[in-house]
Amino acid sequence: MNIPSSLPILLADNKQSSSEYEEDLQDALSIFLELQKVIDQSDKENKENHEAILYIIKFLDKYPFPTFVNPAFLKLSEWFLGNNLIARNTLRSTILKVFEKSSHHLIRLNQATCDTALKKITMVLYSSDPTARILTLRILGYMSQVLYDRVDIQHSVIQHINSTNAEEINAVLFAIDKICERSAAFANNVIDLLISIIQDNQRSPTVKLRTIKILRHIHHTYPLAEKSIQFCKQLLTESDNDDERTATIFRVLTILAKKSLVHMPEHIDFLFENLNNKNLAIQYSILENIHMLTKKENTLTFFQPNHILIIFQKIIDYEEEILKLKALNILYTLTNNKDIYISFLNQNMNLFQKLFQFITHTKYNIITCKILAKSFGLYSDSLYGKQFNDNSMISLGNESTQLLFYQLINELNNKTTFSRDYLVHILQSIIIISTTTSDIALNTIDRILSIILDNKNTENNALLAKAIIPILKSIDHIESDNQYIIKIIQILSKENIFQSYDGYVYILKIFNVFMNKQNKVSTENIELIKKVIEIINSFTEDMIDSWDLFRISKSAMFNGLYPIASCTIEKLIPNIETETMHCWISSLLNISKANSQLLENNLNNIINDKRHTLDIINTVIDYLRKAHLNIKTLTTIHFPRDFQDWYIQLYIDLLTNIKSSYVILKMNYPRNPRLQYNIENFCELAHKYEFLSHAYFDIDPDSIIHLERLKLICLILSKYLQLFIKNDNYNLEINTNLFPLMIAFKEKSKNTKYLPLYQLIEGIINWHTIPETEQINKIFNIYSSVLNSVQYIPPFFFKMCTSIRIQVSTDPYWNPGEVKVLKYDENLILKIDGIIQGLDNIHSSNIKYIEVVMIQSLNNIYNSHKNINIRYDNSIILKEKSNVSKHQIIGTPKIYKVKPNKSFFSLTCPIFFPKYEIFKNFMNKGEMLINLNIHAYVSFHIQIIDQDGIIWNVGPDLQFQVEVNP
């Protein structure tokens, strides 16, 4: 029987939205039944049979719910047992692969399924076929997380340790290793057995070595850890140890100390005492163990300044490159313990300066420069810099860059193959050193730009330009100085200065970042921008291709140079071939043109020039609507782009609300009722920006700051209008978590990227003492400041929004379109099982818990696109001025918190409609219930709370319908 061609497609990763989860889960059951049917009806030797079994791995990864996990592993255990214990071992090998790849799903097995599956699998342990027993032992090893309290099965595993089959003994040791890792009781029972195996002269060295490795898991209690450590130290004294065995023992001791921590100080001293071992392999092994301990903060704290001194002395004394390099890496990680490292530097500065000899070494220069950079960073740190006794660190930094530049110029004149590799190393070293202080950074950038201008060998100019970018990004702000811009324009104007497209891309990126950091992105500097646009328009396809033009435009949008972005995008559009790409590029072009309008037209005179102001705002909104249409079109033919969709829509809404309130303020008739609508819109926009900034778990910090800034602007604008209409019942509603951000805005007030919001708020002081005409002019000045400020495109705009998502199923199954009938005061127990998908690139330990908010309401409050309306506590749904009345809510929104087990979570929610509460709601509205039957909604909003307490509204949002009757 052939496997249906639809299975691989159905099991492929999809990019569906949360609203499609329920439909997706309906397919899961049919997929699983089809897999089971294929396997049950196939001949055991058929290839299709094995492929169908392997498909279970992908199926469980996509649908890791107990509903599917339990029957899947139960079926696997049946197939593993086979008919009358004669199932072929090839089939069992395939099933073993499923257990290996899907062992993380075993935690979702219920007790009955677990007992049944174990009973069927352990029956094969008594087979006369050694291969079958080996496969069984390995499966039991992968099932260790459900075996930690199964003494009977643990005993069955240990019984096979005396087998005459070497592979079976290895399988037993594998199972013991896995179970010891999870079970303190089993580790306590088996430690004496492990010691006897290691001491048994009849055992092979391989078996002994495998058994020694198991000791790393014998640390669950202090006596166990102490017994394991003392035995390992005793093993080190034996004369028959080879290098591999000795290295293994040292690694086991390190892991034991790392797990118990109480043995850590003694173990660190023990490692340093053994560093004088004459065997180089053992020395390297000990260095590796030290390096492992310095990488973790909880073990790094146990090191002392004398340990750094020993490592430093070894760096100087070692003749072997591999040992010297490892010691340098240890020194670098030790710099993370700032207190002891500063103590070492103050006492041994003369010794520290000996590192200078390695700065130009081909193998040591990178790590040496990293150590120097960390040291310079500590010196520049206001918290630690005062602890240094002298200024020798500054001179060391200047000497380092001088030496590296001297070496760089020499290498640029050397045309050998080795020279280019070494050139890369030198540039990396320069970058590391230069990013420590702004003075060194600017001096380095100036020197590299001069080298590019004067360098006759243009082969490496692109590499030099690329090196400037990370140095430039490390500087917060650059004082206005045209010397850098002039050099950049000279480089762009020079013919054949780069031999590859990349050089022009890098130098234009440098121009974009310089203009941003020097606050030259403004109407006053538009002529300078036009000069660069002329140069870009002169580029031919031989000089730069379409992809590089896109890279330039992306950099320009990040840095607010929208005229340059418009120019480069228009230049590449004729080369676009696909409809999908045309929609995406067109949306970027329209966004760039919209912001270019604001940048190129000064709106400082909006008080007097109403027509010009409205024309500009209308033009900007038209461009943004075109961009929004491009994104909508792209969503229908390609991948959903929720973030891009919402970002453009909210930007349109913000400008529309500014325009609307501007027109109203310009009129003479009563403004208050009309402005009330604008105030509510600004408040709603603020909530939407806040929601959007936390709707994607992997959104970058710069994008969050950008969205939070727009949120604050909306709140401030609403506040001014509230004060103007003399209705100050609203709160400014600035979250206390944003106060540090406000301080950052004030500190960087010279940087237009941050738009000095504190200056906008300062205008509120003594507001009521100002005449109405002056109040209006003040509001217009605020609008002018907002419109003239550069709207930097958030970096997340260019991502495919592949944030993690949560997929859920309910028990009993509840289709969103299905209406369940309940009686008043009757409980419906709803179980929700969820799986967090997309954790491959995000560490799951960053998730503190999952929060499920359940709201019962009389009306539909669900927003199908992004459920911004379903919030709780101080959110929009419970506010007096919200579009959703409080009286629609039945009872109090319930909040459930559950910690996920890796990527899975499960909780039970009772759904309850209290008769008294519902009648009370209707009475408060002045209504009398004639028909006691009501139609209600149950809405769920699922979100992630990270370790910092930040809420991430990743969804999904679920809504179910209920018919409540007496």
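The values are calculated or read from the model by the stated rules, or taken from the named source; none is laboratory data. Owing to the predicted nature of the structure, the values given are computational and were not obtained by experimental measurement. Heads up, the Cβs are rebuilt from the backbone with ideal geometry, glycines too, and the neighbour counts pull from every protein chain shown. For the accessible areas, the whole protein counts, side chains as well, though only heavy atoms, and no ligand, DNA or RNA atoms are used. Shrake-Rupley method; radii C 1.70, N 1.55, O 1.52, S 1.80 Å.
Just to verify a result, which residue in the range 167-184, among those that are open to solvent by 60 Å² or more (accessible area, probe 1.4 Å) and at pLDDT below 90, is farthest from Ser204 (Cα to Cα)?
Arg182
Pairs please, first residue from the range 480-501 and within 16 Å of Met515 (Cβ to Cβ), second anywhere and surrounded by fewer than 19 Cβ atoms within 10 Å (Cβ to Cβ) and β-branched (Val, Ile, Thr), Cβ atoms under 7 Å, 6+ apart in sequence or on different chains.
Short answer, once both residue conditions are applied: Leu492/Ile535.
When the range 552-566 is examined, which residues are found to be in a helix (DSSP H, G or I), buried (at least 24 other Cβ atoms within 10 Å of the Cβ) and hydrophobic (A, V, I, L, M, F, W, C)?
Answer for the range 552-566, where residues must be in a helix (DSSP H, G or I), buried (at least 24 other Cβ atoms within 10 Å of the Cβ) and hydrophobic (A, V, I, L, M, F, W, C): Ile552, Ala556, Met557, Ile564, Ala565.
Can you name the residue in the range 891-916 that is within 18 Å of Gln943 (Cβ to Cβ) and aliphatic (A, V, I, L, M) and is also most open to solvent (accessible area, probe 1.4 Å) among such residues?
Ile895
Any chance the range 276-292 includes a residue that's outside any helix (DSSP H, G or I) and among the hydroxyl-bearing types (Ser, Thr, Tyr)?
There is no residue in the range 276-292 that is outside any helix (DSSP H, G or I) and among the hydroxyl-bearing types (Ser, Thr, Tyr).
Counting only residues that are farther than 26 Å from Leu35 by Cα, give me the helices (runs of 4 or more DSSP H) lying completely in the range 75-176 with at least 3 of them.
In the range 75-176, the matching helices (runs of 4 or more DSSP H) lie at 130-142, 151-158.
Return a yes/no flag: does the range 616-636 have any residue that is assigned to a loop (DSSP other than H, G, I, E, B), at pLDDT below 90 and either surrounded by fewer than 20 Cβ atoms within 10 Å (Cβ to Cβ) or touching a Phe, Trp or Tyr at 6+ places or on another chain (Cβ under 7 Å) (or both).
Checked against the condition, which is being assigned to a loop (DSSP other than H, G, I, E, B), at pLDDT below 90 and either surrounded by fewer than 20 Cβ atoms within 10 Å (Cβ to Cβ) or touching a Phe, Trp or Tyr at 6+ places or on another chain (Cβ under 7 Å) (or both), the range 616-636 yields no hits at all.
Does the range 98-111 hold any residues that are surrounded by fewer than 16 Cβ atoms within 10 Å (Cβ to Cβ) and modelled with pLDDT of 90 or more, and which are they?
Across the range 98-111, the qualifying residue is only Glu100.
Can you run down the residue pairs with Cβ atoms below 6 Å, 6 or more apart or on separate chains, where the first is in the range 120-147 and of a type outside the set (Lys, Arg) and the partner is surrounded by fewer than 21 Cβ atoms within 10 Å (Cβ to Cβ) and not in a helix (DSSP H, G or I)?
That search, which allows pairs on different chains as well, returns Pro130/Asn165.
Residue by residue through the range 695-709, note down the ones that are outside any helix (DSSP H, G or I) and either under 16 Å from Tyr792 (Cβ atoms) or open to solvent by less than 30 Å² (accessible area, probe 1.4 Å) (or both).
Listed by number, the residues that qualify are Ala695, Tyr696, Phe697, Ile699, Asp700.
Would you please name the residue that is farthest from Lys295 (Cα to Cα), looking only at residues in the range 319-355 that are open to solvent by less than 70 Å² (accessible area, probe 1.4 Å) and among the basic types (Lys, Arg)?
Step by step, filter the range 319-355, then rank; the result is Lys324.
Of the residues that sit in the range 497-551 and are of a type in the set (Ser, Thr, Tyr), out of contact with any helix residue (DSSP H, G or I) (no Cβ under 6 Å at 6 or more places or on another chain) and part of a helix (DSSP H, G or I), which one is least open to solvent (accessible area, probe 1.4 Å)?
Among those residues, the one meeting the criterion is Tyr504.
Restricting to the range 597-615, and then to whatever is open to solvent by less than 50 Å² (accessible area, probe 1.4 Å) and either acidic (Asp, Glu) or not in a loop (DSSP other than H, G, I, E, B) (or both), can you tell me which residue is nearest to Ile529 (Cα to Cα)?
Looking at the filtered set, the residue picked out is Leu599.
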